[in-house]
Amino acid sequence: MADFRASLTFKNDDSQRLIIESIASKLTQRENEVRNMIINNIVNYGGAFEINGVTDDVKEIIISLRDKNALAIAEDNKIYSIYPVSAKVTNHKVTLKDGREFYAMCAVDALGSTYTFNQDVTVNSKCTECGKEIKAEVSGGKIVNLQPADAHVLHVDLKKFKTWSCCCCNIMHFFCSKEHCLEWSTKNNVCKDSSFCLDANEALVVGRMLFSDKE
Ligand SMILES: [Zn+2]
């Protein structure tokens, strides 16, 4: 099967800079199982995942997942961040077709979560520059409804940063328009060499690369 990455193009950016392997492809089968267990635990029950309650072999796998940048362990020994899910409230609320709701770590994670859960999602967010409500409905791997229609996503060059949760998710936001994406980036001194203002469809493709386990 041809890798969909091979034929990707982006309007304003060199695709080679944006192409990235999935998180799942870096993990063993057992690591993926534990990752999915923790993701679903946070989504089903809300709140952080308690590491203290698990067996030693699962603990070991959690350490390995952290070392591979699939999750972060907080000082209180709980997991609040496991891509694409955040146990803390963020600006990116996701509603799954099955009715479950959660917060995503960043805009790309919110869109890409359609692949993590293999189902349609609705994302509700806000423009980080002006506060305007943003809504994206993803169905069958496509954005079928986007409000406002020019909504953009600020994305960073993930290949340049080792620990995404500290320096990347903090700026990977939604914007109501390309203008507001660029304006906010300039005001906040986001490095132009390592960031991209993507349209929502491009951001969904990046989410597919990160979160689609099977391709
Ligand atoms: Zn705006």
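The values are calculated or read from the model by the stated rules, or taken from the named source; none is laboratory data. The structure presented is a predicted model; accordingly, all values stated were derived computationally and were not measured. Positions of Cβ are generated from backbone atoms using ideal geometry, with glycine treated the same way; all protein chains shown enter the neighbour counts.
Candidates in the stretch 186-205 are the residues that are assigned to a helix (DSSP H, G or I) and buried (at least 20 other Cβ atoms within 10 Å of the Cβ); of these, the one that is nearest to the ligand (Cβ to nearest atom) is ALA200. Please verify whether ALA149 is within 16 Å of the ligand (Cβ to nearest atom) and either assigned to a helix (DSSP H, G or I) or farther than 23 Å from LYS214 by Cα (or both), treating the condition exactly as stated. Against the criterion (within 16 Å of the ligand (Cβ to nearest atom) and either assigned to a helix (DSSP H, G or I) or farther than 23 Å from LYS214 by Cα (or both)), ALA149 qualifies. Restricted to the stretch 1-33, and to residues there that are farther than 30 Å from ASP57 by Cα and basic (Lys, Arg), the residue that is modelled with the lowest pLDDT is ARG17.
In the stretch 143-180, the residue that is modelled with the lowest pLDDT out of those that are among the aliphatic types (A, V, I, L, M) and under 16 Å from the mean Cα position of the chain (by Cα) is LEU158. Is one or more of the residues making up the stretch 98-119 surrounded by fewer than 21 Cβ atoms within 10 Å (Cβ to Cβ), of a type in the set (S, T, N, Q) and within 16 Å of the ligand (Cβ to nearest atom)? Checked the stretch 98-119: no residue is surrounded by fewer than 21 Cβ atoms within 10 Å (Cβ to Cβ), of a type in the set (S, T, N, Q) and within 16 Å of the ligand (Cβ to nearest atom). Put simply, of VAL89, VAL54 the only residue that is under 17 Å from the mean Cα position of the chain (by Cα) and either in contact (Cβ under 8 Å) with a residue 60 or more places away in the chain or more than 16 Å from the ligand (Cβ to nearest atom) (or both) is VAL89. Among helices (runs of 4 or more DSSP H) entirely within the stretch 5-76, having at least 1 residues that are touching a strand residue (DSSP E or B) at 6+ places or on another chain (Cβ under 6 Å) and closer than 20 Å to PHE102 by Cα singles out 29-45.
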